[in-house]
Amino acid sequence: MTPVQIAQVAHEVNRAYCASIGDDSQPAWADAPDWQRASILAGVDMHLANPDATPEQSHESWLAVKLADGWVYGEVKNAELKQHPCVKPYAELPPEQKSKDYLFRAIVHAMAGLQPPEAPEAPAPVVKTMATDSAYTPIRYIGKRETYTDGAYQSHITWDRGETKPVPSAIAAKLLQHPDQYELGDPITEELPPLAVKKADDTEERLQDVRDAIQGMTKAGLMEFTSTNYRIKMDKNQSVSAMRAQATQLVDQFGVV
């Protein structure tokens with residue numbers, strides 16, 4: 001906390017304490033005159049600079065400032081006449097006035113170690129189509145082909161190499177299992193129209209795209225692919241080349257489901 005914030009809290013606690021013992025002369029911090037705010041801030045600075053200072057030393061520091069500014073003792077506080085009932089040595093103060101110095105010191109040291117709360121991070125923008133509420137994820141194609149259409153996971157989205165397209169998040173998670181072909185693209189923040197989806201077909205070109213994709217899949221990707229499209233659980237103890245051959249055979253035999 002800053003010294004000004006500490007001073008404000010210390011003042012308000014002192015005001016509440018004064019009210020509890022019948023002294024209603026303390027204004028709120030927002031209404032306090034400049035000299036009063038400066039006096040409290042000086043007390044905060046003294047304790048911050050001297051962490052071992054006692055309540056008595058706190059009062060003596062306050063008293064020295066008051067005397068230097070022309071204040072004198074008076075039974076009733078009067079700012080215009082610069083009179084104050086606490087303008088006397090600490091030992092001569094009544095217990096209820098000594099308590100103020102204990103409270104002040106405790107507040108300064110308690111708040112000095114506090115950090116202001118951090119502003120919450122702004123949530124990442126969620127990209128949605130205008131037609132649905134389905135969240136999309138930006139995916140960049142980085143494979144070998146100049147132009148590529150996803151057939152392995154039936155999104156049928158076409159990329160130019162290096163291009164980023166919004167992909168339904170469930171499919172995007174599967175594409176990202178193939179880091180040699182896809183990566184997370186830069187966020188897309190503008191409002192998007194509904195994605196143009198190609199009608200699925202089993203043309204040889206599409207099947208070849210899937211075969212090519214299989215050759216870049218890891219074991220985890222191959223298991224996900226065959227489970228999603230053919231409901232077949234592969235033996236993960238096989239070599240990756242054997243698993244790719246099995247997946248390719250399924251494509252040749254059944255097409256892409």
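The values are calculated or read from the model by the stated rules, or taken from the named source; none is laboratory data. The shown structure was predicted, so the numbers you read here are calculated from the model rather than taken from an experiment. Every residue, glycine as well, gets a Cβ built from its backbone with ideal geometry; the counts of neighbours run over all protein chains shown.
The residue list Asp150, Asp160 contains one member that is under 18 Å from Glu205 (Cα atoms), of a type in the set (Asp, Glu) and at pLDDT 85 or above, which is Asp160. Taking the criterion of being of a type in the set (Gly, Ala, Ser) and assigned to a helix (DSSP H, G or I), the residues of region 206-253 that qualify are Ala213, Ala220, Gly221, Ser227, Ser241, Ala242, Ala245, Ala247. Just so you know, in region 226-246 the residues that are at pLDDT 85 or above and either among the hydroxyl-bearing types (Ser, Thr, Tyr) or under 16 Å from Gln181 (Cβ atoms) (or both) include one that is surrounded by the most Cβ atoms within 10 Å (Cβ to Cβ), and it is Arg244.
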